[in-house]
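Structure first, then comments.
The values are calculated or read from the model by the stated rules, or taken from the named source; none is laboratory data. For clarity, every value in this text was computed on a predicted model and none was experimentally measured. With ideal geometry, Cβ positions are generated from the backbone for all residues, glycine too; neighbour counts draw on all protein chains shown.
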Amino acid sequence: MLTKIDHIGIAVRSIVEARKFYEQALGLVCEHQETVESQKVKTAFFTVGDVHIELLEPTHDDSPIAVFLAKKGEGIHHIAYQSDNIGQQLQDAADQGCTLIHEKPIQGAGGKEIAFLHPKSSFGVLTEFCCPSKEHASGILPK
Ligand code: ZN
(Lines give C-alpha, C1' and ligand atoms only; values in the text may rest on other atoms or scores of the structure.)
Protein backbone atom coordinates (compact mmCIF):
# COMPACT_ATOMS: atom_id res chain seq x y z
CA MET A 1 0.00 0.00 0.00
CA LEU A 2 1.17 3.53 -0.76
CA THR A 3 1.28 5.63 2.38
CA LYS A 4 2.33 9.10 1.23
CA ILE A 5 4.31 11.09 -1.30
CA ASP A 6 7.85 10.73 0.01
CA HIS A 7 9.69 13.06 -2.31
CA ILE A 8 9.77 14.91 -5.61
CA GLY A 9 12.95 14.47 -7.64
CA ILE A 10 14.20 17.48 -9.58
CA ALA A 11 16.96 17.23 -12.19
CA VAL A 12 19.50 20.07 -12.08
CA ARG A 13 22.79 20.72 -13.84
CA SER A 14 24.43 21.97 -10.65
CA ILE A 15 23.36 21.29 -7.07
CA VAL A 16 25.61 24.14 -5.92
CA GLU A 17 23.66 26.56 -8.13
CA ALA A 18 20.20 25.07 -7.42
CA ARG A 19 20.76 25.04 -3.66
CA LYS A 20 20.91 28.84 -3.71
CA PHE A 21 17.30 28.98 -4.90
CA TYR A 22 16.00 26.48 -2.33
CA GLU A 23 18.01 27.96 0.53
CA GLN A 24 17.83 31.67 -0.23
CA ALA A 25 14.59 32.21 -2.18
CA LEU A 26 12.55 29.51 -0.41
CA GLY A 27 14.32 29.56 2.95
CA LEU A 28 14.74 25.78 3.16
CA VAL A 29 17.65 23.96 4.79
CA CYS A 30 19.65 21.33 2.93
CA GLU A 31 19.60 18.40 5.33
CA HIS A 32 21.57 15.81 3.49
CA GLN A 33 23.83 15.44 0.47
CA GLU A 34 24.86 12.09 -0.90
CA THR A 35 26.34 10.59 -4.05
CA VAL A 36 24.53 7.44 -5.18
CA GLU A 37 27.08 5.57 -7.29
CA SER A 38 24.58 3.01 -8.61
CA GLN A 39 22.53 5.83 -10.17
CA LYS A 40 25.53 8.07 -11.03
CA VAL A 41 23.93 11.02 -9.26
CA LYS A 42 24.69 13.50 -6.56
CA THR A 43 21.62 14.22 -4.43
CA ALA A 44 20.63 16.98 -2.00
CA PHE A 45 17.54 16.80 0.21
CA PHE A 46 15.24 19.47 1.60
CA THR A 47 12.07 18.89 3.61
CA VAL A 48 8.73 20.70 3.44
CA GLY A 49 6.21 19.29 5.92
CA ASP A 50 6.85 15.57 5.58
CA VAL A 51 7.66 15.68 1.87
CA HIS A 52 11.23 15.88 0.64
CA ILE A 53 12.62 17.68 -2.37
CA GLU A 54 15.47 15.68 -3.92
CA LEU A 55 17.82 17.57 -6.22
CA LEU A 56 19.62 15.30 -8.68
CA GLU A 57 22.84 16.21 -10.47
CA PRO A 58 24.57 13.74 -12.81
CA THR A 59 28.08 12.58 -11.91
CA HIS A 60 28.74 11.03 -15.34
CA ASP A 61 27.69 11.72 -18.93
CA ASP A 62 25.90 8.36 -19.08
CA SER A 63 23.96 8.98 -15.86
CA PRO A 64 20.17 8.64 -16.31
CA ILE A 65 19.97 12.25 -15.08
CA ALA A 66 22.42 13.41 -17.76
CA VAL A 67 20.23 11.73 -20.38
CA PHE A 68 17.12 13.39 -18.92
CA LEU A 69 18.77 16.84 -18.88
CA ALA A 70 19.90 16.47 -22.50
CA LYS A 71 16.37 15.51 -23.60
CA LYS A 72 14.16 17.68 -21.43
CA GLY A 73 16.34 20.18 -19.59
CA GLU A 74 16.11 20.93 -15.88
CA GLY A 75 12.83 20.27 -14.08
CA ILE A 76 10.72 17.69 -12.28
CA HIS A 77 12.23 14.26 -12.87
CA HIS A 78 10.14 11.89 -10.76
CA ILE A 79 7.51 11.50 -8.04
CA ALA A 80 8.29 9.03 -5.26
CA TYR A 81 5.57 7.29 -3.27
CA GLN A 82 6.37 5.62 0.01
CA SER A 83 5.18 2.03 0.14
CA ASP A 84 4.93 -0.24 3.14
CA ASN A 85 5.82 -3.23 0.92
CA ILE A 86 7.84 -2.31 -2.12
CA GLY A 87 8.13 -5.87 -3.46
CA GLN A 88 4.36 -6.34 -3.41
CA GLN A 89 3.89 -2.86 -4.88
CA LEU A 90 6.09 -3.79 -7.86
CA GLN A 91 4.29 -7.10 -8.30
CA ASP A 92 0.88 -5.40 -8.27
CA ALA A 93 2.00 -2.79 -10.82
CA ALA A 94 3.46 -5.49 -13.06
CA ASP A 95 0.24 -7.52 -12.76
CA GLN A 96 -1.66 -4.44 -13.96
CA GLY A 97 0.52 -4.27 -17.06
CA CYS A 98 3.01 -1.59 -15.99
CA THR A 99 6.53 -1.75 -17.35
CA LEU A 100 9.06 -1.87 -14.52
CA ILE A 101 12.52 -0.33 -14.71
CA HIS A 102 13.53 -2.33 -11.63
CA GLU A 103 12.09 -5.82 -11.11
CA LYS A 104 13.49 -5.78 -7.58
CA PRO A 105 14.20 -2.86 -5.23
CA ILE A 106 17.68 -1.34 -5.33
CA GLN A 107 19.55 0.72 -2.77
CA GLY A 108 18.81 4.46 -3.08
CA ALA A 109 19.89 7.58 -1.21
CA GLY A 110 19.43 7.56 2.56
CA GLY A 111 19.62 3.76 2.70
CA LYS A 112 16.13 3.46 1.24
CA GLU A 113 14.95 0.65 -0.97
CA ILE A 114 13.74 2.15 -4.23
CA ALA A 115 12.35 0.98 -7.58
CA PHE A 116 11.09 2.81 -10.66
CA LEU A 117 8.19 2.23 -13.03
CA HIS A 118 8.78 3.17 -16.64
CA PRO A 119 7.19 6.55 -17.51
CA LYS A 120 5.50 5.05 -20.59
CA SER A 121 3.27 3.12 -18.16
CA SER A 122 2.53 6.14 -16.00
CA PHE A 123 1.49 8.89 -18.42
CA GLY A 124 4.90 10.48 -18.74
CA VAL A 125 5.68 10.75 -15.03
CA LEU A 126 8.62 8.66 -13.89
CA THR A 127 7.23 6.95 -10.78
CA GLU A 128 9.32 5.71 -7.87
CA PHE A 129 8.33 3.48 -4.99
CA CYS A 130 10.48 3.75 -1.90
CA CYS A 131 10.55 2.46 1.62
CA PRO A 132 13.01 2.82 4.47
CA SER A 133 15.42 -0.12 4.51
CA LYS A 134 14.72 -2.87 7.06
CA GLU A 135 17.97 -2.04 8.83
CA HIS A 136 16.83 1.56 9.28
CA ALA A 137 13.33 0.54 10.30
CA SER A 138 14.61 -1.76 13.01
CA GLY A 139 17.17 0.74 14.22
CA ILE A 140 20.24 -1.37 13.42
CA LEU A 141 21.89 1.38 11.39
CA PRO A 142 22.07 5.01 12.45
CA LYS A 143 20.03 7.43 10.31
ZN1 ZN B 1 13.81 9.61 -5.79
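Once the stretch 1-36 is narrowed to residues that are outside any strand (DSSP E or B) and within 18 Å of Cys130 (Cβ to Cβ), the residue that is farthest from the ligand (Cβ to nearest atom) is Met1. Taking the stretch 87-109 as the search range and keeping residues that are farther than 21 Å from Val41 by Cα and among the acidic types (Asp, Glu), which one is nearest to the ligand (Cβ to nearest atom)? Taking the candidates together, the pick is Asp92. Number of residues in the stretch 80-97 that are in contact (Cβ under 8 Å) with a residue 60 or more places away in the chain, surrounded by fewer than 18 Cβ atoms within 10 Å (Cβ to Cβ) and either among the hydrophobic types (A, V, I, L, M, F, W, C) or assigned to a helix (DSSP H, G or I) (or both): the value is 0. Of everything in the stretch 115-135 that is modelled with pLDDT under 90 and within 16 Å of the ligand (Cβ to nearest atom), the residue that is nearest to the chain's Cα centre (by Cα) is Pro132. Checking each residue in the stretch 30-39 for being over 18 Å from Asp6 (Cβ atoms) and either among the polar types (S, T, N, Q) or in contact with a helix residue (DSSP H, G or I) (Cβ under 7 Å, 6 or more places away or on another chain) (or both) picks out Thr35, Ser38. Taken across the stretch 48-68, residues that are in a loop (DSSP other than H, G, I, E, B) and under 23 Å from Lys4 (Cβ atoms) do occur, with at least one present. Figure legend. Inter-residue proximity from the stretch 1-23: first residues touching a residue at least 40 places away in the same chain (Cβ under 8 Å) and of a type in the set (S, T, N, Q), second residues outside any helix (DSSP H, G or I) and within 16 Å of the ligand (Cβ to nearest atom), beta-carbon distance below 9 Å, spacing 6+ or different chains. Indicated pairs: Thr3/Tyr81; Thr3/Gln82; Thr3/Ser83; Thr3/Cys131; Ser14/Glu57. Looking across the stretch 51-79 at every residue that is β-branched (Val, Ile, Thr) and surrounded by fewer than 21 Cβ atoms within 10 Å (Cβ to Cβ), the one that is nearest to Cys30 (Cα to Cα) is identified as Ile53.
Within the stretch 57-86, restricting attention to residues that are within 15 Å of the ligand (Cβ to nearest atom) and of a type in the set (Ser, Thr, Tyr), the residue that is nearest to Glu34 (Cα to Cα) is Ser63.
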